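Worksheet: one structure, shown below.
The values are calculated or read from the model by the stated rules, or taken from the named source; none is laboratory data. Remember, it's a predicted structure, so these values are computed and weren't measured experimentally. Every residue, glycine as well, gets a Cβ built from its backbone with ideal geometry; the counts of neighbours run over all protein chains shown. These accessible areas exclude ligands, DNA and RNA; they are computed on the full protein's heavy atoms, side chains included. Shrake-Rupley method; radii C 1.70, N 1.55, O 1.52, S 1.80 Å.
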Amino acid sequence: EVEVYEIIVPAEWHMKPLNLLIPHDGCITIALTRAGRASIPSNDVILYEGDILDVSATFEGIDALRKRIIDLKEGK
């Protein structure tokens, strides 16, 4: 099962490259919206707090992404 999710980039991801944050298995970034303009992002794009990422993910992929968000908020 695959679904599309919208993620608002948290403060902990500010100025970090997309490829270090999105899990490689089961999760693909399909769009990045910044300042009202959507694009298909490259893996090395630098994220800014408040950017909106649309990702297509399996249940396992979105669980891994949620875990990564929580870990970064906890400083891991």
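Considering the stretch 9-47 alone, what residues qualify as being at pLDDT 95 or above, exposed (fewer than 13 other Cβ atoms within 10 Å of the Cβ) and within 22 Å of Thr58 (Cβ to Cβ)? Ile40, the sole residue that qualifies.
The residues of the stretch 48-57 that are charged (D, E, K, R) and either open to solvent by 40 Å² or more (accessible area, probe 1.4 Å) or modelled with pLDDT under 95 (or both) amount to a single one, Glu49. Only a single criterion out of (1) open to solvent by 80 Å² or more (accessible area, probe 1.4 Å); (2) modelled with pLDDT of 95 or more; (3) not hydrophobic (A, V, I, L, M, F, W, C) is not satisfied by Glu60, namely (2). Exactly one residue out of Glu12, Glu6, Glu1 is among the acidic types (Asp, Glu) and closer than 24 Å to Gly75 by Cβ, and it is Glu12.
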